[in-house]
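Asker: What follows is a structure written as structure tokens; I'll ask about it next.
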Amino acid sequence: MTLETRLTFVAIYALWNVVVFCVYAYDKQAAREGAWRVREDTLILLAIAFGGIGAFACQKWLRHKTKKGVFPVLLSVMAMLQGLLALFTALFPSTVLDALGHVLRVVGIA
């Protein structure tokens, strides 16, 4: 994998986490104003779908979803796991891509 490809993945990952941060921030503002809120299952899905760092950052900076339900634990765990995965992918891209290909073959997708 070339450096340019790695940087593209990093940029996409960072942009996605900015989007997730903004969705969580929107939900926080809607909560303050009593307006329409983002569904909790949507917020959880965004965190699980590689948006854990953005969700965790919003939780800490804006004090959003700090006590409710699974959010305190889930966002911390997702941010940690996704951060480690991103680091491991940056350091060992071929290994990660080989493992991903194997998983996809086992599941029957590839």
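What follows is calculated from the coordinates using simple rules that are stated; it is not laboratory data. Remember, it's a predicted structure, so these values are computed and weren't measured experimentally. We place every Cβ from the backbone using ideal geometry, glycine too, and count neighbours over all the protein chains shown.
Asker: Could you compute Rg(Cα) / (2.2 N^0.38 Å) for the chain, with N its residue count?
Answerer: On the way: Rg = 16.0 Å, N = 110, 2.2 N^0.38 = 13.1 Å.
After normalising by residue count via 2.2 N^0.38 Å, the value is 1.22.
Asker: Under a GNM of the chain (C-alpha, springs under 10 Å), which listed residue has the highest mean-square fluctuation: GLY51, GLY83, GLY69?
Answerer: GLY69
Asker: Counting only Cα, what are the radius of gyration and maximum Cα-Cα distance Dmax of segment 1-54, in Å?
Answerer: 14.0, 48
Asker: Would you mind working out the magnitude of the charge dipole of the chain relative to its Cα centre, with +1 at each Lys and Arg C-beta and -1 at each Asp and Glu C-beta, to the nearest 20 Debye? It would help to have the intermediate numbers written out before the result.
Answerer: Details: 11 positive and 6 negative charges, 94 e Å.
For this selection, approximately 460 debye.
Asker: Turning to a different aspect of this structure: Can you pull the one-decimal nm distance between simple spin-label points at MET80 and VAL103, each 7 Å off the Cα toward Cβ?
Answerer: Computed distance between label sites MET80 and VAL103 equals 1.9 nm.
Asker: Within segment 9-84, list the chymotrypsin sites (Phe, Trp or Tyr not before Pro) lying in a DSSP loop whose Cβ has at most 15 other Cβ atoms in a 10 Å radius.
Answerer: On the way: sites: PHE9, TYR13, TRP16, PHE21, TYR24, TYR26, TRP36, PHE50, PHE56, TRP61; in loops: TRP36.
Filter output for segment 9-84: TRP36.
Asker: Cut-off 10 angstrom, C-alpha nodes, Gaussian network model of the chain. Which of LEU43, LEU85, LEU100 fluctuates the most?
Answerer: Highest fluctuation among the options: LEU100.
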